[in-house]
Amino acid sequence: MNLIIGFTGQASLAHAAFFGFGAYGVAIMTKAGINFWIALPAAATFSSLIGLIIGPPALRTRGSYFAIVTLAFGVIVYIVAGNWVQVTGGQNGIFGIPRPTPIPLPFIGELDFFDQTAQYYLILAFLLLTLFILHRLIYSIFGLTLMAIRNNEPLADAVGINTFTTKLISFMTANFFAGLAGGLYAAIIGAVSPSVASYALTFNFLIFLILGGMATLSGSVVGAFAIPIIMELLQEVGHFRMLIFGTLLVATIIYFPRGFVGGVRQLNQKIAARRQKS
């Protein structure tokens with residue numbers, strides 16, 4: 001989500017829909033007997049291909065219009081997931097999804113993922129792999145074109161950047177990783193329902209991103225870890241929980257528009273500038 005919104009400047013509000021494609025894809029394929037390690041990349045690729053279909057008409061629009069189009073698509077996916085009983089199980093969803101297939105290791109045996117510790121390290125490995133790939137992508141020539149489009153799309157177009165194709169590639173890449181995350185979620189939780197494609201989940205992702213820090217790789221991780229912890233700590237205040245969290249969100253947007261990580265970086269820059277003056 002940070003790739004398409006933070007670095008490319010396109011407010012896609014259909015991220016949970018592509019998360020849902022990955023989750024349902026893995027659920028359906030593994031229930032049919034397909035190996036998890038085949039089902040996972042296949043589901044992520046399917047999410048990316050849906051982006052290839054939806055992207056061209058959606059990316060013809062800009063700004064808030066693009067956000068509305070993608071939000072509408074996310075709502076449609078959520079409704080379909082809740083009503084296509086033959087495929088998605090309807091509101092009941094799909095249960096009994098097999099755990100990730102064990103990996104055979106020569107001379108050792110096999111690495112299985114039936115306990116929570118193994119599942120944690122599986123998710124951690126995919127998180128680090130995702131951050132590594134996105135880091136290489138963003139800090140490359142292609143990444144610079146993404147940020148050029150974000151900062152001034154007409155100027156980027158004028159200097160010869162194919163803005164439409166670049167945005168489409170960014171959109172498809174973001175959807176691939178969303179589908180990958182959804183597939184991992186389905187295998188670890190063991191069940192999926194229409195809530196995995198809910199637009200409410202998209203806004204949760206967006207809050208993680210805003211508070212953590214847009215256009216920073218570490219901001220996404222910080223937001224995803226910190227916000228659930230903050231919400232859990234606020235359980236003690238009962239009904240005032242959402243009021244306090246809403247105030248925190250508004251204050252962050254006003255005083256730290258670049259999120260927690262961006263605010264820390266800005267503070268460090270000010271401290272370094274004062275030291276140079278002194």
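Nearest 20 debye, what's the magnitude of the dipole of segment 113-268 about its Cα centre given +1 on Lys and Arg Cβ and -1 on Asp and Glu Cβ? Intermediate values should be presented prior to the final figure.
Numbers: 6 positive and 5 negative charges, 57 e Å.
Here segment 113-268 has a charge dipole of around 280 debye.
Could you state the accessible area per residue of the chain in Å², with a 1.4 Å probe and every protein chain left in place? Before the final figure, lay out the partial values.
Working: 15160 Å² over 278 residues.
That works out to 55 Å² for each residue.
Using 0.36 nm per residue, how much length does the chain from residue 83 to residue 130 gain when fully extended, once their Cα-Cα distance is taken away?
On the way: separation 47, 0.36 × 47 = 16.92 nm, distance 3.27 nm.
So the extension gain works out to 13.7 nm.
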Let me check the size of segment 123-185 from its C-alpha atoms; what are the radius of gyration and Dmax in Å?
13.7, 42
Between helix 116-138 and the chain, what is the angle of the helix's C-alpha long axis to the longest principal axis, kept within 0 to 90° and rounded to the nearest 10?
40 degrees
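What do you get for Rg/Rh of segment 205-278 when both radii come from the Cα atoms and Rh is the Kirkwood radius? Don't skip to the answer; put the middle values down first.
Working: Rg = 14.4 Å, Rh = 13.2 Å.
With Rg and the Kirkwood Rh in hand, the quotient comes to 1.09.
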On the protein heavy atoms, probe 1.4 angstrom, tell me the percent of accessible surface of the chain carried by carbon and sulfur.
69 percent
So how far apart, in nm, are the two label points at residue 255 and residue 107 if each is 7 Å from Cα heading toward Cβ?
5.9 nm
With everything on Cα atoms, drop me the angle between helix 163-189 and the longest principal axis of the chain, reported from 0 to 90° to the nearest 10.
50 degrees
With all protein chains present and a 1.4 Å probe, the order of 214, 147 from largest accessible area down is 214, 147
Please report the projected area of segment 28-77's Cα convex hull averaged over all directions, in nm².
4.1 nm²
Order 8, 247, most accessible first, counting only protein heavy atoms with a 1.4 angstrom probe.
247, 8
Hey, how many Å between the Cα centroid of segment 210-248 and the Cα centroid of segment 1-65?
25 Å
Taking only the alpha carbons of segment 1-63, the radius of gyration and the largest Cα-Cα distance, Dmax, both in angstrom, are 13.7, 43
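If you average over every viewing direction, what projected area does the convex hull of the Cα atoms of segment 122-260 give, in nm²? The partial results should precede the final answer.
Working: hull surface 41.3 nm².
Computed as one quarter of the Cα hull surface, the answer is 10.3 nm².
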More than 37 Å apart: what percent of Cα pairs in the chain qualify?
17 percent
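So for segment 1-127, Kirkwood radius off the Cα pairs, Stokes-Einstein at 37 °C and 0.692 mPa s: how many µm² s⁻¹? Intermediate values should be presented prior to the final figure.
Working: Rh = 16.6 Å.
Roughly 198 µm²/s, to the nearest whole number.
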Could you put 261, 85 in order of accessible surface area, largest first, with the 1.4 Å probe and the full protein assembly present?
85, 261
State to the nearest 20 debye the size of the charge dipole of the chain about its Cα centre, where the only charges are +1 on K and R beta carbons and -1 on D and E beta carbons.
980 debye
Could you tell me which of 126, 36, 169 has its Cα farthest along the dipole of the chain towards the positive end, charges placed at Cβ (Lys, Arg +1; Asp, Glu -1), taken about the Cα centre?
169
Could you work out the helix-only [θ] at 222 nm for the chain, with each DSSP H run of four or more residues adding -39,500 (n - 2.57) and the total divided by the number of residues, to the nearest 500 deg cm²/dmol?
-23500 deg cm²/dmol
Along the charge dipole of the chain, Cβ charges K/R +1 and D/E -1, which of 17, 50, 242 sits furthest on the positive end?
242
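The values are calculated or read from the model by the stated rules, or taken from the named source; none is laboratory data. Computed from a prediction, not measured in an experiment: that's the story for all the values here. Cβ sites come from the backbone with ideal geometry, for glycine too, and all protein chains shown count toward neighbours. Protein only, heavy atoms only, side chains kept; ligands, DNA and RNA dropped before computing areas. Shrake-Rupley method; radii C 1.70, N 1.55, O 1.52, S 1.80 Å.
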